[in-house]
Amino acid sequence: MYLHGTSRVNEKGNLEIGGCDVTQLAATYGTPLYVYDEALIRSKCRAYIDAFRQSGFAFQVAYASKAFCTMAMCKLVEEEGMSLDVVSGGELYTALQAGFPAERIHFHGNNKSIEEIHMALDAKIGCFVVDNFYELVTLDEIAQEREEKVAVLLRVTPGVEAHTHEYISTGQVDSKFGFDVQNGQALEAIKYAHESKQLHLLGVHSHIGSQIFEAEGFIVAIKRLIELLEEARDQHGFISEVLNVGGGFGIRYVESDTPLSAETYIKAITDTVREEMAQRQLPLPELWIEPGRSIVGDAGTTLYRIGSHKHIPNVRKYVAVDGGMTDNLRPALYQAVYEAAIANKMNAPATEQVSIAGKCCESGDMLIWDVMLPEADAGDILAVTSTGAYGYSMSNNYNRIARPAVVFVKEGEAELVVKRETYQDVVSHDLLPKRAQLQR
Ligand SMILES: Cc1ncc(COP(=O)(O)O)c(C=O)c1O
């Protein structure tokens, strides 16, 4: 198993993160438990910021809070001087409760409700990333009613889709997000927003995919965005102040994953923007990015307690843990792969190939298919690495399983940042129908 950040094996042969023995963390806070290496999160934030500083561009690094949104995380991001991308009233509320400066919040989403729009305007957020014509017109009307000028970016789909080592350049984009560049909708939206008295069009945004290991997809997308900006200048006199190229920077989940460094992605992006803008005699915009997974992914480890097992001779050995698709939906949702180790047997040889099953009543509730581990006993602590992104944020109460706690660890200290849910929490929104009460 790859040891990220401050993770190491201590003298007891146990896994340690942030100077904390994880078997102690499991004993103190219970399992499943999400453990975040705070120093590693901060170093990821700083890598993007430093790379931009080197480039000479004006910039914003907006953490995509969907990857892991809690008040503690919003606070950390604020301390690191970053901006924040939210996609719902709930994420916005979390950020505001954490005291995140509203002017550094960008509001995404393909179906923002009227209530969410008012909530964001009341909070005076930095900008809306407008996704479609319905939202564009609605926001324009609401801004008019409120007699406010609203800053917007337009999310466009440049016809590039990138994942891991591949990018596909598609002529026609079939996506629920954004204004299509190819069919002219993006230019039409720019015209509308630029001419609106209520909207201040800052520029355009695109997000081309996730877990991207090559810069090529970003380069092709940026070229298309800048061609669009040239047309927008020539046809409508619009000059973009901001170019936002989204997130999607890859991380290492398993040995075979080979992400690029933040510096490499940012250099490719800034070099391309500089060159393409110069060629078209367009002024350099402020550059924004929205990393989510690459800020928190590697920094999160989930601890589970091993319970039952089922051995089917010549077929497979299932080892079950006390969590599963309720705390990590990614394997069930899109066959995501992870590495694991037995945290209290880090020096023991990995002699057995097993599959890690969750405890939910669902055959698809498997966390890892085929992983080599030392012989597992009930009571051992299983550590699954790189679970920091889209784990806690996609957690759920299937089978009425209570959500785990979250701790941040740093320099030998652990701090509880999300309390473990109780069964009382799980039923706290349930109401018994009145007629049931009458019949009792
Ligand atoms: C618009 C937008 N920005 C940023 C992100 C963050 O992506 P990642 O976590 O892969 O960096 C996403 C993820 O879906 C997104 O949709």
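The values are calculated or read from the model by the stated rules, or taken from the named source; none is laboratory data. It should be emphasised that the depicted structure is a prediction, and the values quoted were computed from it without experimental measurement. All Cβ positions, glycine included, derive from the backbone under ideal geometry; neighbour counts span all protein chains shown. In case anyone asks, the SASA skips ligands and DNA or RNA and just uses the protein heavy atoms, side chains included. Shrake-Rupley method; radii C 1.70, N 1.55, O 1.52, S 1.80 Å.
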- request: For the range 390-440 and the range 23-55, write down the distance between their C-alpha centroids in whole Å.
  value: 23 Å
Range of Cα positions in the range 1-58 per principal axis (Å), largest first: 48, 22, 18
message: For the ranges 272-283, 418-429, 156-167, 358-369, what's the packing order if you count other beta-carbon atoms within 10 Å of each residue, average per peptide, and put the highest first?
response: 156-167, 358-369, 272-283, 418-429
Cα-based equivalent ellipsoid, the range 1-113: semi-axes from gyration tensor eigenvalues, Å: 31, 20, 11
- request: Taking the Cα centre of the range 269-313 as origin, work out the dipole magnitude from +1 charges on Lys and Arg Cβ and -1 charges on Asp and Glu Cβ, in debye rounded to 20.
  value: 460 debye
- request: Using only the Cα atoms of the range 38-296, each taken as one equal point scatterer with no solvent, compute I(q) by the Debye sum, divide by I(0), and report log10 of the ratio at q = 0.10, 0.11, 0.15 Å⁻¹.
  value: -0.46, -0.56, -1.08
statement: Percent of all Cα-Cα pairs per 10 Å bin for the chain, counting from 0 up to the last occupied bin, reads 4, 20, 28, 23, 15, 7, 2, 0
Pairwise label distance in nanometres, residue 113 with residue 147, each label 7 Å out on the Cα-Cβ vector: 2.9 nm
- prompt: In whole Å, what is the distance between the alpha-carbon centres of the range 262-277 and the range 85-153?
  reply: 29 Å
query: Using +1 on the beta carbon of Lys and Arg, -1 on that of Asp and Glu, and nothing else charged, what's the dipole of the range 276-387 about the Cα centre, debye to 20?
result: 200 debye
query: What is the magnitude of the charge dipole of the range 38-296 about its Cα centre, with +1 placed on the Cβ of each Lys and Arg, -1 on the Cβ of each Asp and Glu, and no other charges, expressed in debye to the nearest 20?
result: 460 debye
- request: Evaluate the distance, in nm, between pseudo-label points positioned 7 Å from the Cα of residue 79 and of residue 271 along their respective Cα→Cβ axes.
  value: 3.5 nm
message: With a 1.4 Å probe and all protein chains left in place, how much accessible area per residue does the chain have, in Å²?
response: 44 Å²
Antiparallel DSSP beta bridges within the chain, percent to nearest 5: 45 percent
Spin-label pair residue 422/residue 258, simplified geometry with 7 Å Cα→Cβ offset, distance in nm: 5.2 nm
message: Using alpha carbons only, how many angstrom separate the centre of the range 181-203 from the centre of the range 237-257?
response: 22 Å
Low-density loop positions, GluC sites (Glu not before Pro), the range 125-156 - DSSP coil, at most 12 other Cβ in 10 Å: 147, 148
statement: Once normalised by the length of the chain, the mean sequence separation of its alpha carbon contacts under 8 Å that are 6 or more apart gives a contact order in percent of 19 percent
Accessible area in the full protein assembly, largest first, 1.4 Å probe, for 115, 227: 115, 227
field: Neighbour-limited loop hits for trypsin sites (Lys or Arg not before Pro), the range 97-159 (at most 14 other Cβ within 10 Å; DSSP other than H, G, I, E, B)
entry: 124, 149
- prompt: Amide H to amide H under 5 Å from residue 179: which residues, 5+ apart in sequence or cross-chain, H placed 1.01 Å off N in plane?
  reply: 155, 156, 157
task: Grab the beta carbon distance between residue 369 and residue 411, set R0 = 41 Å, and tell me the FRET efficiency rounded to 0.05.
output: 0.70
- request: Would you grab the residues whose amide H sits under 5 Å from the one on residue 288? Only those 5+ places off in sequence or on another chain, please, with H modelled 1.01 Å from N.
  value: 60, 243, 244, 245
task: Output the pairs from 66/176; 124/197; 124/149; 44/66; 12/44 with a Cα-Cα distance over 20 Å in this structure; if there are none, say none.
output: 12/44
field: Positive dipole terminus of the range 38-296, leading residue within 55, 120, 244 (C-beta point charges)
entry: 55
- prompt: Which three extents, in whole angstrom, do the alpha-carbon atoms of the range 238-301 cover along their principal axes, largest first?
  reply: 46, 18, 13
